[in-house]
Amino acid sequence: MHKNITMLLVLILLGMVSAQYATAADADYVREARDRAEIEQLMWYYVRALDTFNSEAYVTTYTEDGEFIAGGNPIKGHAALKKMIDDYRKDREERTAKGEAVPPMNHVMTNEYLEFIDQDHARLHSYWMTIFGAAKDIQPRVAASGHGVDELVRVNGRWLIRSRDVTPND
């Protein structure tokens, strides 16, 4: 009888330990799935703000000290990032005012690989293309392409871009 009770207690304890482990593992899986969805949404907002020249929305995808790197001169901080987008928009408006055919611009990110460094840091590897759509007699074309590495960080519960490098050395 004592053996049966002891065996039953051991099984109950093992079940409790297994349940706790499964619950913790499930919680990690759910958190990571939620983080992936939030990062996917962040990158959608990033390209949409870029393609619509919405500098206010663009800077909200970056940390305060965030930087965009395209070659040797990083553009760092909200003020500089906002100016970059405002300058692109101004140039586009001036060209349109002169009667130039200015095709729509779309940025496309593909073949993404997201790695979590820890619970609050992630790295997104991707290929990207800048595509100009058709306008008047201009055919759609791929204007640029490459691969990028984004350093992402959770700030106050929200994922943001700390660094977007579209010309990494790897």
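The values are calculated or read from the model by the stated rules, or taken from the named source; none is laboratory data. Remember, it's a predicted structure, so these values are computed and weren't measured experimentally. Backbone-built Cβ (ideal geometry, glycine too); neighbour counts: all protein chains shown. When the accessible area is computed, the model is the full protein with side chains, heavy atoms only, and any ligands, DNA or RNA have been set aside. Shrake-Rupley method; radii C 1.70, N 1.55, O 1.52, S 1.80 Å.
For the chain, the longest principal axis of the Cα atoms and the long axis of helix 78-97 meet at an angle of about 40 degrees. Placing dummy labels 7 Å off each Cα toward the beta-carbon, the span from Ser145 to Asn106 is 1.5 nm. Within straight cross-link reach of Lys98, meaning Cα distance under 22 Å, which lysines are found once same-chain residues fewer than 8 apart are removed? Lys98 reaches Lys90, Lys136.
Result for the chain in a Gaussian network model with C-alpha springs under 10 Å: among Gln41, Gln139, Gln119, the largest mean-square fluctuation is at Gln139.
Counting Lys and Arg as +1 and Asp and Glu as -1 over every other residue whose Cβ lies under 14 Å from the Cβ of Ser55, the net charge comes to 0.
Charging the Cβ of each Asp and Glu at -1 and of each Lys and Arg at +1, and nothing else, the dipole of region 110-170 about its Cα centre rounds to 300 debye.
Computed with a 1.4 Å probe over protein heavy atoms only, the accessible surface of the chain comes to 65 Å² per residue.
The alpha-carbon atoms of the chain define a convex hull whose volume equals 142 cubic angstrom per residue. Here the spin labels are modelled as points 7 Å beyond Cα on the Cα-Cβ line, and at Ala135 and Arg36 they lie 3.8 nm apart. Around the amide H of Val155, modelled in the peptide plane, lie the amide H atoms of Leu160, all under 5 Å away and 5 or more residues distant in sequence or on another chain. Here the dipole of the chain is about 260 debye; that uses its Cα centre as origin and unit charges on the Cβ of Lys and Arg (positive) and Asp and Glu (negative).
Taking a sphere under 10 Å around the Cβ of Leu114 and counting the other residues whose Cβ falls inside, with K and R at +1 and D and E at -1, yields a net charge of -4.
Helix 2-51 sits at what angle to the longest principal axis of the chain, using alpha carbons and giving 0 to 90 degrees rounded to 10? Tilt relative to the chain: about 0 degrees.
Note on the chain: with a GNM built from Cα contacts shorter than 10 Å, the maximum mean-square fluctuation among Gly71, Gly99, Gly146 falls on Gly99.
Among the aspartates and glutamates, select those whose C-alpha is under 19 Å from the C-alpha of Lys76, and discard any that sit fewer than 8 residues away in the same chain. Partners found: Glu56, Glu64, Asp65, Glu67, Asp86, Asp87, Asp150, Glu151, Asp165.
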